[in-house]
């Protein structure tokens, strides 16, 4: 009797953890996209040689981070419609 209950509750817990993992990954994608957009804006506003060098470095790093999360999502089979509701990033601004 206890066997089927533990399997059922175990499956529900695993499903909950997977859902949370998908949500966290989606939140990271949204956050890294915003970081990339900010870095892009800083690059366009940079004026001096040092500022431009730093802006290029920051832009490349932000772009790679964004791409890394997109690759993770692709490997996990995550699509935008798999993540319900608002993201934590959107709630926090």
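The values are calculated or read from the model by the stated rules, or taken from the named source; none is laboratory data. Keep in mind that this is a model prediction, so the values were computed, not measured. Cβ atoms come from the backbone with ideal geometry, glycine included; neighbour counts cover every protein chain shown.
Before moving on, here are some points about what is shown:
- From 26, 54, residue being out of contact with any strand residue (DSSP E or B) (no Cβ under 9 Å at 6 or more places or on another chain), modelled with pLDDT of 95 or more and either surrounded by 13 or more Cβ atoms within 10 Å (Cβ to Cβ) or assigned to a helix (DSSP H, G or I) (or both): 54
- Pairs, first in contact (Cβ under 8 Å) with a residue 12 or more places away in the chain and at negative phi in the range 66-81, second surrounded by fewer than 15 Cβ atoms within 10 Å (Cβ to Cβ) and in a loop (DSSP other than H, G, I, E, B), C-beta under 9 Å, six or more apart: 73/79
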